[in-house]
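The values are calculated or read from the model by the stated rules, or taken from the named source; none is laboratory data. Because the structure is a prediction, the values reported are computed rather than measured. Because the Cβ atoms are built from the backbone with ideal geometry, glycine has one as well, and the counts that use them run over all protein chains shown.
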Amino acid sequence: MEVEAAKLIGAGIATVALAGVGIGMGNIFGSFVSSALRNPSAQDKVFGNLLLGFALTEAIALFALVVALLILFG
Amino acid sequence: MAAGHSPLAQFEIQRIVEFNIAGIDVSITNSTVWMVAALLVATFVLTLGMRSRAMVPTRMQSIAEVSYEFVANMVRDNAGSECRAYFPFLFTLFFFILMCNALGMIPYSFTPTSHIIVTFGMAAVVFVGVTIIGFAKHGIGYLRLFAPSGVPLVLMFILVPIEVISYFVRPISLSVRLFANMMAGHTMLKVFGGFVVSLGAIEFVGPVIAALPMAMVVALSGLELVIAFLQAYVFTILSCLYLHDALHPGH
């Protein structure tokens, strides 16, 4: 196979990581909503953890982006 | 697409004043300028805000007090009260990253934290510092960090290598997280900005269609401001957690 074509396919495959990130994001926000509805008074306390979890999960998606860019231009 | 309009062109390092000491390139670049700007803004806001020390704080004093309390609470809650000695370092780290990220949101500016070498430099300082603190406080007992207590011996053969790997991956994940967030965010803004320009060039209907990506750019800018703060927060809070590990290994 041509190296260029293989690079493009590889970069495309690297974005599969987004599936896992999607599951993770949905899990974080879904858990937040259900816990906030069960105990509205705890909402403010959980909100900080929500942002932390969001940022950590989002970083995984960006790792995939970095890998894809490395494959394309590295 | 022309070279100057590539979404990645904004991350190019440009030498402003060229310096060369003993064959090492120490030129003042746009990255240097914005890092110094971040330092100056942070110093200015904090010293100017605390100059009056009024009982009823002015706006500037509120900013300084709220940011101090925010980081102080974060350090106390996550690293423990014996970490007060390291508070100045963590506060500096938080403010430097926050200012670099925030100043990068100004159009035509440069984000120093969008370069892996800058973030890796900071992450390496945290990693080496935490390791030295751990060994200085506990001696060889710091290695208990890699062997959690109350785990059966059979599991240890799997767990210890995992713990060792996760320890040495820390500086990489810490630096790549910040760098990738900044780089991806600014690239995304530029890509959507490009959509606005190329859609707006269509005759008659162009400006109407271009309003859609324009709204997206506005929303993304808001998200990026949140991310700029959030990434500074995450970087500092993870440093706090690593410090906590160094002070209490093997809990």
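Tabulated data
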item	result
Residue count for the range B:78-93, restricted to those that are of a type outside the set (Lys, Arg), more than 30 Å from B:MET183 (Cβ to Cβ) and free of Cβ contacts under 8 Å to residues at least 12 places away in the same chain	2
Residue match in the range B:176-190 (condition: farther than 30 Å from B:MET214 by Cα and not charged (D, E, K, R))	no
Search result, residues across the range B:119-165 that are within 14 Å of chain A (Cβ to nearest Cβ) and among the hydroxyl-bearing types (Ser, Thr, Tyr)	B:THR119
Candidate set: the range B:11-36, residues that are of a type in the set (Phe, Trp, Tyr) and under 23 Å from B:ALA184 (Cβ atoms); chosen: the one surrounded by the fewest Cβ atoms within 10 Å (Cβ to Cβ)	B:PHE11
The one condition in (1) away from chain B (no Cβ under 12 Å); (2) out of contact with any Asp or Glu (no Cβ under 9 Å at 6 or more places or on another chain) that A:MET25 fails to fulfil	(2)
Any hit, the range A:32-52, residues being within 14 Å of another protein chain (Cβ to nearest Cβ), more than 26 Å from B:ALA9 (Cα to Cα) and either among the aromatic types (Phe, Trp, Tyr) or in contact with a strand residue (DSSP E or B) (Cβ under 7 Å, 6 or more places away or on another chain) (or both)	yes
Residue match in the range B:209-221 (condition: within 23 Å of A:LEU65 (Cβ to Cβ), within 21 Å of the chain's Cα centre (by Cα), within 14 Å of chain A (Cβ to nearest Cβ) and part of a helix (DSSP H, G or I))	yes
The listed residue being aromatic (Phe, Trp, Tyr), under 22 Å from B:VAL41 (Cα atoms), touching a residue at least 12 places away in the same chain (Cβ under 8 Å) and in a helix (DSSP H, G or I), out of B:PHE70, B:PHE96, B:PHE110, B:PHE120	B:PHE96
Failed item, numbered, when B:SER175 is tested on (1) within 14 Å of another protein chain (Cβ to nearest Cβ); (2) free of Cβ contacts under 8 Å to residues at least 40 places away in the same chain	(2)
Only listed residue being among the aliphatic types (A, V, I, L, M), surrounded by fewer than 19 Cβ atoms within 10 Å (Cβ to Cβ) and modelled with pLDDT under 90, chosen from B:ILE132, B:ILE116	B:ILE116
Scope the range A:53-74; condition under 13 Å from the mean Cα position of the chain (by Cα) and either of a type outside the set (Val, Ile, Thr) or more than 10 Å from chain B (Cβ to nearest Cβ) (or both); matching residues	A:GLY53, A:PHE54, A:ALA55, A:LEU56, A:THR57, A:GLU58, A:ALA59, A:ALA61, A:LEU62, A:PHE63, A:ALA64, A:LEU65
Subset of the range A:37-70 (residues that are among the polar types (S, T, N, Q) and assigned to a helix (DSSP H, G or I))	A:SER41, A:GLN43, A:ASN49, A:THR57
